[in-house]
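Colleague: Quick one: the structure is below, and I'll ask about it shortly.
The values are calculated or read from the model by the stated rules, or taken from the named source; none is laboratory data. The structure presented is a predicted model; accordingly, all values stated were derived computationally and were not measured. Neighbour counts are summed over all protein chains in view; Cβ atoms, including those assigned to glycine, are modelled from backbone coordinates with ideal geometry.
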Amino acid sequence: MTDIRTLDLNLLKAFVILLDECNVSRSAQRLSITQPAMSGILNRLRESFNDPLFVRVQHGMQPTDRAIELGHVARRVLEEISGMLAPPKLEPANLSMTLRIGAMDYVQQIIALPLILRLRRLAPNVKVALLPVQGQNIKTLFDKNAIDLALVGQHHISDDMPQMRLYEEHYVCVMSKMHPMANTALTLDEFCKLPFAMLSYNGGEFRGATDIALQKLGRKRKVMVSVDHISLLPQLLNDSDLVAVLPKHLAQRLPNVRLQNPPIAIDGFTIMMTWHERTEHDMAHRWLRNIVLEVLK
């Protein structure tokens, strides 16, 4: 008896075609091979299964009982192999999993919030966990399997990590629409005299990218309040004389504020999406990453 490890699966395909045609010439044409080559395949099949498989009759060939029996098995095997090789299909409505997203507070507002709302419509069985990553090593979080996806600034990741650029961010000056300077283009002197609220991602900081840009000009500003969460900013800006310098994508989402270009050039940053190589080719994770791109369009 032939060992399955030595059986050429192409022989099974030829065997099924022979069963369909019961004719060597027609079978050879379907396989785009010569008739002698098809006869050689039939001989190999007979040796493998230790059975004549086909016997000559007046108008062609007739399969033996053994051939008919083997044919049912061969068709099933070929169908199962075809199913294995066929591209898997994803049905978002039936997708059930947990997606752990590591992101800064501000990026959660910009990307994660609309992502969750989109998933509630497309894949309601997907659970989403938003996890803070500020001050942590992103690669280490992936290696510990603590997160599945990270939405962070480019400086937080290394070149060897799977990644995709999401958007370029730059800073704007933000204040209440009722602020005395709301409708006036700020000069550098006026800018430096304003009282600022600062969004400190690490908490407790009174110096950021704006101050670095000012230092290059030998200037300083007055940072009077440092907060580590976005939720406090709208009321601080609307109910006081405080102003802020914020990423534009965030500032555009705050209520009742006026946006201005700052009177100095402040270095922006790039927001990236990165993931671990273990999910690089995972069908569900690839679909989820595409949804992230869609919500940004």
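Colleague: From (1) of a type in the set (Asp, Glu); (2) in the same structural domain as Leu188 (by the TED database); (3) more than 24 Å from Gly203 (Cβ to Cβ), pick out the condition that doesn't hold for Asp241.
Modeller: With (1) of a type in the set (Asp, Glu); (2) in the same structural domain as Leu188 (by the TED database); (3) more than 24 Å from Gly203 (Cβ to Cβ) applied to Asp241, the lone miss is (3).
Colleague: Could you grab the pairs with beta carbons closer than 7 Å, sequence gap of 6+ or different chains, first residue in region 58-85 and at positive phi, second one surrounded by 13 or more Cβ atoms within 10 Å (Cβ to Cβ)?
Modeller: Gly60/Cys22; Gly60/Asn23
Colleague: If you don't mind, there's one more thing I want to ask. Of everything in region 42-63, what is farther than 16 Å from Asn23 by Cβ and of a type in the set (D, E, K, R)? Give them in sequence order.
Modeller: Matches in region 42-63: Arg44, Arg46, Glu47, Asp51.
Colleague: Is it fair to say Gly218 is free of Cβ contacts under 8 Å to residues at least 12 places away in the same chain and out of contact with any Phe, Trp or Tyr (no Cβ under 8 Å at 6 or more places or on another chain)?
Modeller: It is true that Gly218 is free of Cβ contacts under 8 Å to residues at least 12 places away in the same chain and out of contact with any Phe, Trp or Tyr (no Cβ under 8 Å at 6 or more places or on another chain).
Colleague: Here's another thing I want to ask about it. Looking only at region 58-92, count how many residues are under 30 Å from Leu149 (Cβ atoms) and surrounded by 10 or more Cβ atoms within 10 Å (Cβ to Cβ).
Modeller: Residues meeting the conditions: 2.
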